[in-house]
1. Among the helices (runs of 4 or more DSSP H) contained in segment 7-83, which hold 3 or more residues that are surrounded by 12 or more Cβ atoms within 10 Å (Cβ to Cβ)?
2. Where residues in segment 56-100 are under 23 Å from ALA22 (Cα atoms) and basic (Lys, Arg), which of them is modelled with the highest pLDDT?
Amino acid sequence: MPTPNKIEQQPTCKQRWASHKASRCGDLRRLWRAYQEGEDSAYAKRISADLGEFHEYGLAFDYVAPGTFNDQREGYWRYQISWGGPRRNSVSIRLVPRCARTALNSGS
C-alpha cells in the first residue's frame, strides 16, 4: 500500500540521458541493419516506416580535428544526431576506431 504524502522520485539527469542514449543507439543499430539488408527487405521496409532511412536520421557526419576544442588532444569522427533546443546541448556520437587513431592523428 502506498504511503500517503510520499513524493515520487524523479529520474536524475544522468538516468534520463542514459535512457535517451540507449534509445538513440538502438535506433541507429536498427537503421544500419536495414541499410545493410537493402531497401527491399521486409525488415528495412518495417524500420523505414517507423524511423525513416539511415541517411536521413542524422544531421551531420564530420571529422573534428585535434585542438578544435580546449583540451582536445585527438581528432575523431562525429555523427551529429541533434542540434538540441533552448535547454539542450547538441547530441553527437564520437566514432574513433582504435585502429584508425594513429592514421587519423598522423595525417596519413
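1. Per the criteria, 13-37, 42-51.
2. Ranking the candidates gives ARG78 first.
Here is a yes/no grid of residues against (1) touching a Ser or Thr at 6+ places or on another chain (Cβ under 7 Å); (2) of a type outside the set (D, E, K, R); (3) without any contact (Cβ under 8 Å) to a residue 40 or more places away in the chain:
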position	(1), (2), (3)
GLN10	no, yes, yes
ALA22	no, yes, yes
GLY26	no, yes, yes
LEU31	no, yes, yes
ALA34	yes, yes, yes
GLU39	no, no, yes
ALA49	no, yes, yes
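The values are calculated or read from the model by the stated rules, or taken from the named source; none is laboratory data. Note that the structure is predicted; figures quoted are calculated from it, not measured. Reconstructed Cβ throughout: ideal geometry from the backbone, glycine too, with neighbour counts over all protein chains shown.
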